[in-house]
1. Considering every residue within region 34-41, establish whether at least one is modelled with pLDDT of 90 or more and not in a helix (DSSP H, G or I).
2. Evaluate the following for E75: is it of a type in the set (D, E), exposed (fewer than 14 other Cβ atoms within 10 Å of the Cβ) and either touching a residue at least 24 places away in the same chain (Cβ under 8 Å) or closer than 30 Å to T157 by Cβ (or both)?
3. Determine the pairs where a residue that is part of a helix (DSSP H, G or I), located within region 110-135, has a partner that is of a type in the set (F, W, Y) with Cβ atoms under 9 Å apart, the partner being 6 or more residues away or on another chain.
4. Out of region 96-109, which residues are assigned to a helix (DSSP H, G or I) and surrounded by fewer than 18 Cβ atoms within 10 Å (Cβ to Cβ)?
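The values are calculated or read from the model by the stated rules, or taken from the named source; none is laboratory data. All figures in this text were calculated on a predicted structure; none of them were measured in a lab. Counting neighbours? That spans all protein chains shown, and the Cβs are built from the backbone with ideal geometry, glycine included.
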Amino acid sequence: MENEINNTTTATEEQQDNTQTEESGAQNADKTFTQDEVNKIVSDRLARERAKSEAMYTKAMIDVEARENAVADREKAFEEKEKALADKENRLYAIKAIKDAGLDDGSDTALELIDFVVTGDDVTEDSITKRVNTLKSYVDKHIAAEVDKIFKVNGRTPQSATNTSIDGDSSLKQAFGLTSK
């Protein structure tokens, strides 16, 4: 539509130029032009054409810039959606890793661990696994230390587990009636 308006405007201006030239030609049929007059007519015509070209160029540049901005906005929205999807996938993986490590007791506190292991800019399944394993190791050490502390406070010395299999401990076999007398 805009091209039609520009084409119509250009055609109208050319008709006016041609009409003016014909009128001046009819009036000046006997007149000869000096070089300065010809130069002035040509320079005026060039200036009008240059102005039209610059206007069209400026309009085209504005259109290109608007299209580039629209593409940039779409790309930004796409990247945001992609990041949100990756965050959801990482959170789901974190839930699975926490459950696999035995750190999920079903409480809201266990859900808070998800935010702890899914932090930072470069979150991958490997980094989540590493964080969960580190947390699991810390929790196990902390629990063992607390259990030992409770035993010591109550006057007991925790025994180290040597052989806990049923085959290796005859007192356990007898307790469960697994031995023949």
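1. Going through region 34-41, the residues modelled with pLDDT of 90 or more turn out to be 34-41.
In the following step, the residues that additionally are not in a helix (DSSP H, G or I) were identified as 34.
There is at least one residue in region 34-41 that is modelled with pLDDT of 90 or more and not in a helix (DSSP H, G or I).
2. Details: of a type in the set (D, E): yes; exposed (fewer than 14 other Cβ atoms within 10 Å of the Cβ): yes; either touching a residue at least 24 places away in the same chain (Cβ under 8 Å) or closer than 30 Å to T157 by Cβ (or both): no.
So E75 does not fit the description; no.
3. Between residues of region 110-135 that are part of a helix (DSSP H, G or I) and residues that are of a type in the set (F, W, Y), the close pairs are E125/Y93; I128/Y93; T129/Y93; R131/F116; L135/F116.
4. Step one: filter region 96-109 for residues assigned to a helix (DSSP H, G or I), giving 96-100, 108-109.
Matches in region 96-109: K96, K99, D100, D108, T109.
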